[in-house]
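Asks: Following this message is one structure expressed as structure tokens.
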Amino acid sequence: MSQTEPVLVDTDEALGNAKLEPYHFLVGLVCAAVLCVDGYNASVLSYVAPPMSDALGISRAALGSVLSASAVGSILGLLLSSYLTPRIGVRLVIIASVILFGVSEICAALSGTLYGVGGFRFAAAIGLSAAMVSAVSVVGEFLPLRWRSSAVTYIFLGHTLGQMSSGGVSHVLLDKGFSWQAPIVFGGVVALVLTPVLIALLPDSPEYLINRSKTPERALALLRRIQSTAIPAAAQLVSGVKEAPKASVRELFAEGKGFLTVLFWIASAMNLVVAAFMGFLPILLVDSGLKLDKAILITVFVTAAGIMAGFTVGPLMDRLNPLLVACSLMVVGALSATALAIVAPLSVVYLFAAAGFVLGYCNSGMSKGVFALAVYLYPTAVRSVGLSWTVGVGRLGLISGPMLVGLMLQASWPTAMVFQAAAVPLLIGAGALFLASGQLRGKGRAAAARAFEPGPGQVRSASR
């Protein structure tokens, strides 16, 4: 190559083949912080639901409607994220989302009415889901390829920590005599405090900076923070595999890919139906005869299982058949839901905690695993579409789940029957993943990714 020719660097290849550097950990920590405040604000309502229900005179069925409204808002957030990210960049989407749910949470608490809580929680859910998916996208682009599945599950430890802290903060504030609004306001304030940190540290997508923002010098600066000795200062950056202008959900169904896509969607939705059940856990434990403080502590303990899931599920998926790992999680989760049904009439704290911990591990592990599956099963050409639609369709489970539980409680179902009902969607999801694994059996992870290779309408860089 002559001295006058620029050095071409494919950003996807440079990021995917890079060694782990301190900047990777900074990106991961920032995204984990986003998921932490996201997890707190997404979960806090379930912890304050009993006193809020009493203070506002909300029936169990009406409370389920409020939680379902949040799920509808989360779907809208996914659609907005998919639309806005190519236009303004993932960095601004995350910052705007955190501000939106921070302000909305404070307004929901201060409204003091059922309609106010429902409306502002709807708005907050838009920001919560957009921030979550966008944070995963950042990690999916910046982290080395061989670490991406694990990295996605690791940053979701932040989400689990947020869920746990919402229970801990709620327990402390309610125990000290504060009203149900206090834990919600606390979460909104923390989100707004995080905003300046995101403005200072959160990077934007190199693909966006090169192809859409037309500021390749910013992308070059980012890459040189990771590989300062490997990326020449005068390098010319090009994008690797990227979305074609007309990439859409139809690409997920082209050339025989539809059956696998539908199976992924079913598994995601069924797992989130059970996540909705978990949102009612404090109420179900109280209805089983436990005091509120013990119900909250057990729920925090159950949520802590997500930490173990975050450390173990990703590495397992990196080393074993990821679909069978996810399938096993749903089967074991169904068994633990049955165990909860058996111990419910006994009202024994440690039995509730043990069975709930296993269910929490499986449900949280599968929730993280869905993102990890989408990150490596869908290539860059359809990844954002595949991720958004998989999570978006899964949110239908969060819509139907609270309604189902609310109707069960309204119909005075015994708590044992409610717990047993949670096993049904888990078994349906496990069946879907088993069928999907059968489609790809014996082909390994690389072949699974090739099953979703771009069609003729996708674009590749000249460097490939």
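Asks: Just name the residue that is nearest to residue 414 (Cα to Cα) out of those in region 60-84 that are open to solvent by 40 Å² or more (accessible area, probe 1.4 Å) and modelled with pLDDT of 80 or more.
Replies: 76
Asks: Okay, moving on. Residues that are among the aromatic types (Phe, Trp, Tyr), within 23 Å of residue 279 (Cβ to Cβ) and free of Cβ contacts under 8 Å to residues at least 24 places away in the same chain: does region 112-133 have at least one?
Replies: yes
Asks: Taking into account only those residues within region 153-182 that are under 18 Å from residue 305 (Cβ atoms) and among the hydrophobic types (A, V, I, L, M, F, W, C), which is most open to solvent (accessible area, probe 1.4 Å)?
Replies: Top of the filtered list is 161.
Asks: Find the residue count for region 106-124, including only residues that are farther than 14 Å from residue 42 by Cα and part of a helix (DSSP H, G or I).
Replies: Number satisfying all stated conditions: 7.
Asks: Answer yes or no: is there a residue in region 358-367 that is under 24 Å from residue 54 (Cα atoms) and surrounded by fewer than 24 Cβ atoms within 10 Å (Cβ to Cβ).
Replies: No, because not a single residue in region 358-367 is under 24 Å from residue 54 (Cα atoms) and surrounded by fewer than 24 Cβ atoms within 10 Å (Cβ to Cβ).
Asks: Same structure, new question: Do you know which residues across region 9-59 are at pLDDT 75 or above, open to solvent by less than 10 Å² (accessible area, probe 1.4 Å) and more than 27 Å from residue 272 (Cα to Cα)?
Replies: Once the filter is applied, which keeps residues that are at pLDDT 75 or above, open to solvent by less than 10 Å² (accessible area, probe 1.4 Å) and more than 27 Å from residue 272 (Cα to Cα), region 9-59 yields 24, 27.
Asks: Give the residues of region 396-424 that are over 22 Å from the mean Cα position of the chain (by Cα) and of a type in the set (Gly, Ala, Ser), sorted by residue number.
Replies: 406, 411, 412, 416, 421
Asks: Given the structure, is residue 133 assigned to a helix (DSSP H, G or I), under 24 Å from residue 184 (Cα atoms), touching a helix residue (DSSP H, G or I) at 6+ places or on another chain (Cβ under 9 Å) and modelled with pLDDT of 85 or more?
Replies: Against the criterion (assigned to a helix (DSSP H, G or I), under 24 Å from residue 184 (Cα atoms), touching a helix residue (DSSP H, G or I) at 6+ places or on another chain (Cβ under 9 Å) and modelled with pLDDT of 85 or more), residue 133 does not qualify.
Asks: Residues in region 141-186 that are within 19 Å of residue 29 (Cα to Cα), part of a helix (DSSP H, G or I) and not polar (S, T, N, Q): how many?
Replies: Residues flagged as within 19 Å of residue 29 (Cα to Cα), part of a helix (DSSP H, G or I) and not polar (S, T, N, Q) within region 141-186 amount to 17.
Asks: Hey, another quick one. Return the pair list, or none, for Cβ contacts closer than 7 Å from residues in region 351-363 that are assigned to a helix (DSSP H, G or I) to residues that are modelled with pLDDT under 80 and of a type outside the set (A, V, I, L, M, F, W, C), at least 6 apart or on different chains.
Replies: Here the result reads 360/303; 360/306, each pair linking region 351-363 to a residue that is modelled with pLDDT under 80 and of a type outside the set (A, V, I, L, M, F, W, C).
The values are calculated or read from the model by the stated rules, or taken from the named source; none is laboratory data. Keep in mind it's a predicted model, so treat the numbers as computed, not measured. Neighbour counts are summed over all protein chains in view; Cβ atoms, including those assigned to glycine, are modelled from backbone coordinates with ideal geometry. When the accessible area is computed, the model is the full protein with side chains, heavy atoms only, and any ligands, DNA or RNA have been set aside. Shrake-Rupley method; radii C 1.70, N 1.55, O 1.52, S 1.80 Å.
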